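Worksheet: the structure to be examined is printed underneath.
The values are calculated or read from the model by the stated rules, or taken from the named source; none is laboratory data. Since we're looking at a predicted model, the values are computed, not measured. Note that we place each Cβ from the backbone using ideal geometry, even for glycine, and neighbour counts take in every protein chain shown. For accessibility, only protein heavy atoms count, side chains too; no ligands or nucleic acids. Shrake-Rupley method; radii C 1.70, N 1.55, O 1.52, S 1.80 Å.
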Amino acid sequence: MIYETNKTHDQNLKSWVESANALDTDFPIQNLPFCVFARGCTYENVRVGVAIGNFVLDVYACYECCLFDDESFTIAIAASNYCLDHSVMKKNANLQKAFRSRLVEILSADADEETQKQVKRNLIPMDEVDFYMPAHIGDYTDFYCSIFHASNVGAMFRPDNPLLPNYKFVPIGYHGRASSIVVSGTEITRPKGQNRTDPDAPPVYVSCKNLDYEMEVGFFIGKGNELGETISIEEAEEHIFGLCLVNDWSARDVQAWEYQPLGPFLAKSFATSVSPFVVTMEALAPFRTNAFARDEKDPQPLDYLSSEVNEKNGGFDITLEVYLQTEKMRDENAEPFLLSRSNTIDLYWTPAQMLTHHASNGCNLQTGDLMATGTVSGDSKDARGCLLELTWRGKEPIQLPNGEERRFLEDGDEVIMKGFCEREGFRRIGFGECRGVILPSE
Ligand code: MN
């Protein structure tokens, strides 16, 4: 099942929330991503919200005002006081569709004055709220789905054998750490770790020297599956609630030393940042594309990872941008510098294939689990989604406009990730930002 476009995607739809009609907003009425937020810093006030223009709509408060009177989703919303994963997220597509359609109704310029008045009371300016993790993430899995990223990294570490023979058959992944996933804006402490730069000397335990980011897209599991059950490729998307931006912070010097034979461990588990907004699968309907067009010489995916629908519409057209703002640039009021622009159309595997593969051994996925694509890199140099690739392991430093130079991240650097979808005939929608500033080691 893949969502089709409907009247909630009509580009002519306008909202009475004026800022939602700005052409460059990430959050027009056609988007309506979910978030978890609080006004003031008290955790007791944490609520489920929906982004619209420069505001967050307090979903539970709207429920209390009887703005959601359709019985089919009243129960779900009632449970959504402070928690997305125990309410809308785990419900089926019909409920989610009904909810989106009701949200569009009450936020549309056509809504009657009384509705507008009631809804307005529950709109909070975005700059007055703090965002929290959009879900309680029980498990986190990170894939490695860009063949360009895998080939580049492979070429650096294994020049004679860049792409391993399993790559075109298996969506490669590793189990990440859920406890250290943080929401955008959380400061990231530079990790310490074992580093062995001199092959003739023993390793040392020091501050990470080659700190990096990875530009990725994440997806949240909606409905889960029972232990021992699998999820077919045809059913896969019914289990995906929505997408967000992910920064898989990486300690490259630690990684190079520890990764064999079992893969990433402490080089990744110190922190992962996510954007606060979850863009729903339905909102993304206009921006679906075909799965990666495999080279004629490439093997086709095995049957359980293959379907006509996935091949035709399993991909996403999401433009991803990474910006860097150093401490000096902040002091000089210089604009963040664009490091790369890539797109999820370059992923070798679709989210449906990742999910189906993940559950293909009977592993149970649970509501709120996060999966990420792996670094999204394209073929061209300016589409490389991490510094490891951009500076070719530090050999080709990046020159910043103010004369500074970067091989890897330095203390005080802020990484800012953005994502958006554009297509002729539809409104542009965005993912907001995923930001993080590097603090010195403890
Ligand atoms: Mn990664």
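Between the helical axis of 147-157 and the dominant principal axis of the chain, each derived from Cα atoms, what acute angle in degrees is found, rounded to the nearest 10? On a 0 to 90 degree scale, this one is about 20. Prolate is the label for the range 205-348. Its Cα gyration tensor axes, ordered a ≥ b ≥ c, give a/c of at least 1.5 and a/b above b/c.
Computed over the range 129-187, the range of Cα coordinates on each principal axis works out to 50, 22, 15 Å, biggest value leading.
When you count the other C-beta atoms within 10 angstrom of each residue and take the mean per peptide, 379-385, 247-253 line up highest first as 247-253, 379-385.
What is the sum of charges around GLU282, taking Lys and Arg as +1, Asp and Glu as -1, for the other residues whose C-beta is under 10 Å from the C-beta of GLU282?
Numbers: positive: LYS97, ARG100; negative: GLU4.
Once positives and negatives cancel, what remains is +1.
Sorted from greatest to least, the principal axis extents spanned by the alpha carbons of the range 241-320 come out as 41, 37, 22 Å. The GNM of the chain, with springs linking C-alpha atoms under 10 angstrom apart, assigns the highest mean-square fluctuation among PRO134, PRO165, PRO28 to PRO165. Residue-wise HN-Hα couplings along the range 411-426, as the Karplus relation 6.51 cos²θ - 1.76 cosθ + 1.60 with θ = phi - 60° gives them from phi, are 4, x, 5, 10, 9, 10, 10, 10, x, 7, 10, 9, 7, 3, x, 9 Hz; Gly and Pro carry x.
Rg and Dmax of the range 311-442, both derived from C-alpha coordinates alone, stand at 17.5, 54 Å. Evaluated at q = 0.16, 0.18, 0.21, 0.23 Å⁻¹, the base-10 log of the normalised Debye intensity for the range 1-42, with identical point scatterers placed on the Cα atoms, takes the values -0.56, -0.66, -0.79, -0.87. Taking every DSSP beta bridge that has both ends in the chain, the antiparallel portion is near 90%.
Label separation (LYS312 vs GLU422): 2.8 nm, computed from points 7 Å beyond Cα along the C-beta direction.
With all protein chains kept in place, the per residue accessible area of the chain amounts to 44 square angstrom at a probe of 1.4 angstrom.
For the range 358-442, the dipole from Cβ point charges (+1 on Lys and Arg, -1 on Asp and Glu) about the Cα centre works out to 340 debye, to the nearest 20.
Net charge near SER380, counting Lys/Arg +1 and Asp/Glu -1 over other residues with Cβ under 13 Å of its Cβ?
On the way: positive: ARG341, LYS381, ARG384; negative: ASP346, ASP379, ASP382, GLU389.
Residues close to SER380 contribute a combined charge of -1.
Rounded to the nearest angstrom and listed largest first, the equivalent-ellipsoid semi-axes of the chain from its Cα gyration tensor are 36, 26, 20.
In the range 263-381, one over the average inverse separation of all distinct C-alpha pairs is 17.3 Å, which is the Kirkwood hydrodynamic radius. Summing charges over neighbours of ILE429, with a neighbour being any other residue whose Cβ is under 9 Å away from its Cβ, gives 0 when K and R count +1 and D and E count -1. Once the Cα-Cα distance is subtracted from the 0.36 nm per residue extended length, the LEU439 to ASP127 segment shows a gain of 110.0 nm.
At a 1.4 Å probe, what is the % contribution of carbon and sulfur to the accessible area of the chain?
The C+S portion of the solvent-accessible surface of the chain is 49 percent.
For the pair ASN21 and GLN118, the difference between a 0.36 nm per residue extended length and the Cα-Cα distance amounts to 32.9 nm.
Each residue, LYS297 and GLU235, gets one label point 7 Å from its Cα in the Cβ direction; the gap between the two is 3.9 nm.
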